[in-house]
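Report on the structure given below.
The values are calculated or read from the model by the stated rules, or taken from the named source; none is laboratory data. Quick caveat: nothing in here was measured; it's all calculated off a predicted structure. All Cβ positions, even for glycine, are placed from backbone atoms using ideal geometry, and neighbour counts span all protein chains on display. The protein model used for the area step is the full one, side chains on, heavy atoms only, and it has no ligands, DNA or RNA in it. Shrake-Rupley method; radii C 1.70, N 1.55, O 1.52, S 1.80 Å.
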Amino acid sequence: QVQLVESGGGLVQAGGSLRLSCAASGIIFSINAMGWFRQAPGKQRELVARISSGGSTNYADSVKGRFTISRDSAKNTVYLQMNSLKPEDTAVYYCTTFDVRWRADYWGQGTQVTVSS
C-alpha cells in the first residue's frame, strides 16, 4: 500500500521560508519520480516542482529561483524548500509520485501553507 505523508506546512510572513517533507512508503522510492502540486482556493491544482529518480528537476515558472525540490533515498523522503514566500503561494501542497509517462498517480493528504502579507 502506497502512503505519502506530508509535513512542514504552516503560517509564515511574506518573505519567509518553509520546508515541506514527504515521507513515502510502499513504493521503490529510488526509481520513482516525485513531485509537489498545490491548489489554492478556487483554483485548479498546479504542478510546482518535480524530480526524477536521477535527480533532474523541473519547476513552475512562478517558483523558479525561490523553491528547491530534493530527495533523500536513504530516508524515502522528498523535500520542497520554499524561500521568499509570497501571499500567492498560499495553497494546500500535495506530494505525488509519477508513473513512467510523468502522470501523477499516488497522492498525499496535503499540507496547508499560508503566507501572510
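A few points about this structure:
- Here residue 23 fulfils each of the conditions (1) closer than 20 Å to residue 117 by Cα; (2) surrounded by 14 or more Cβ atoms within 10 Å (Cβ to Cβ); (3) out of contact with any Phe, Trp or Tyr (no Cβ under 9 Å at 6 or more places or on another chain) apart from (1).
- Every pair of residues 6+ apart whose Cβ atoms lie under 9 Å, when the first sits in segment 100-117 and is farther than 24 Å from residue 28 by Cβ while the second is among the basic types (Lys, Arg): 113/38; 115/86; 117/86
- Residue that is modelled with the lowest pLDDT [pool: residues in segment 97-117 that are within 18 Å of residue 39 (Cβ to Cβ), open to solvent by 60 Å² or more (accessible area, probe 1.4 Å) and part of a loop (DSSP other than H, G, I, E, B)]: 103
- Qualifying residue in segment 48-64 (condition: more than 12 Å from the chain's Cα centre (by Cα), modelled with pLDDT under 95 and open to solvent by 50 Å² or more (accessible area, probe 1.4 Å)): yes
- Scanning segment 33-46 turns up one or more residues that are more than 28 Å from residue 13 (Cβ to Cβ), crowded, with 18+ Cβ neighbours inside 10 Å and in contact (Cβ under 8 Å) with a residue 40 or more places away in the chain.
- Across segment 76-96, the number of residues qualifying as open to solvent by less than 60 Å² (accessible area, probe 1.4 Å) and either in contact with a helix residue (DSSP H, G or I) (Cβ under 9 Å, 6 or more places away or on another chain) or acidic (Asp, Glu) (or both) comes to 5.
- Residue within segment 50-59 that is in contact with a strand residue (DSSP E or B) (Cβ under 8 Å, 6 or more places away or on another chain), over 21 Å from residue 103 (Cβ atoms) and either not aromatic (Phe, Trp, Tyr) or not in a strand (DSSP E or B) (or both) present: no
- Among residues of segment 65-75 being in contact with a strand residue (DSSP E or B) (Cβ under 9 Å, 6 or more places away or on another chain) and in a loop (DSSP other than H, G, I, E, B), the one that is surrounded by the most Cβ atoms within 10 Å (Cβ to Cβ) is 66.
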